[in-house]
1. Given H placed 1.01 Å from N in the peptide plane, which residues other than close sequence neighbours of D51 have an amide H under 5 Å from its amide H?
2. Using label points projected 7 Å from each Cα along Cα→Cβ, tell me how many nm separate V52 and D28, to one decimal.
3. Provide the solvent-accessible area of Y24, counting protein heavy atoms only and rolling a 1.4 Å probe, rounded to the nearest 10 Å².
4. Taking K and R as +1 and D and E as -1, what net charge do the other residues with C-beta under 13 Å from the C-beta of T84 add up to?
5. Quick check: residue separation of T89 and N75 times 0.36 nm, minus the Cα distance between them. What number comes out in nm?
6. What nm distance separates the two modelled labels at Q68 and S35, each placed 7 Å from Cα along Cα→Cβ?
7. Report, ordered by chain and residue number, the aspartates and glutamates lying within cross-link reach of K105, taken as a straight Cα distance under 18 Å and ignoring same-chain residues fewer than 8 apart.
8. What is the sum of charges around G50, taking Lys and Arg as +1, Asp and Glu as -1, for the other residues whose C-beta is under 13 Å from the C-beta of G50?
Amino acid sequence: MAKRLPVYVLVILSLALTCTATTYTVGDNAGWDISTDLETWEKNKTFYVGDVLFFQFSSSNSLEEVTQENFNTCNTTNVLEAYTNGNTTITLTKPGPMYFISGNKLYCLGGQKLQVNVENNQAYSPAIAPVAASGSNLPQPSSKSNLPTSSGVALMHGGWGTLMSVSLGFIMAIVSS
């Protein structure tokens, strides 16, 4: 039992270092609403690949992801993605700017729009494959998919809650041994 303790500690520390994704509720308590000052809300935040934006809005409103040009003009007719369910979660999957507007053009013109600049996060970047030396005889790649399962994604976005659950699970395993 005592020999396993360092292993458990290493697992917990590694989880603490990799569970860095943050979930942001857009507009905080006010949500995705015409009365929310979204420009001020976004101002002091740094968004990284792997972070999550959670939009809360009523059924009379909607959310659209658009290009920069459509963001600037509040064009609601040519959108990249439209969301109407009121509770929308968007995972930031790549670095660069992302643009969101209200599906109601008048709301957008009134300021209900959000631009986020997503920065690269090395913890979520895929590793670069090593290059084989010329003339080397390497085995062929497997036909299995290396895509993560949804449970793996949930762990990455679990943050401190997941870390605490895993920590308590390890502690209980140690105590019950």
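The values are calculated or read from the model by the stated rules, or taken from the named source; none is laboratory data. Every value quoted in this text rests on a predicted model; they were computed, and no experiment measured them. So basically every Cβ, Gly included, is an ideal-geometry build from the backbone, and we count neighbours across all protein chains shown. Remember, those area values only see protein heavy atoms, side chains included, never the ligands or the DNA or RNA. Shrake-Rupley method; radii C 1.70, N 1.55, O 1.52, S 1.80 Å.
1. T22, L92
2. With each label point 7 Å from Cα toward Cβ, the separation is 2.1 nm.
3. Only protein atoms counted, so the area is about 40 Å².
4. -3
5. Here the answer is 2.8 nm.
6. Rounded to a tenth, the inter-label distance reads 3.4 nm.
7. D33, D37, E39, E64, E65, E69, E81
8. After counting each charged neighbour, the total is -1.
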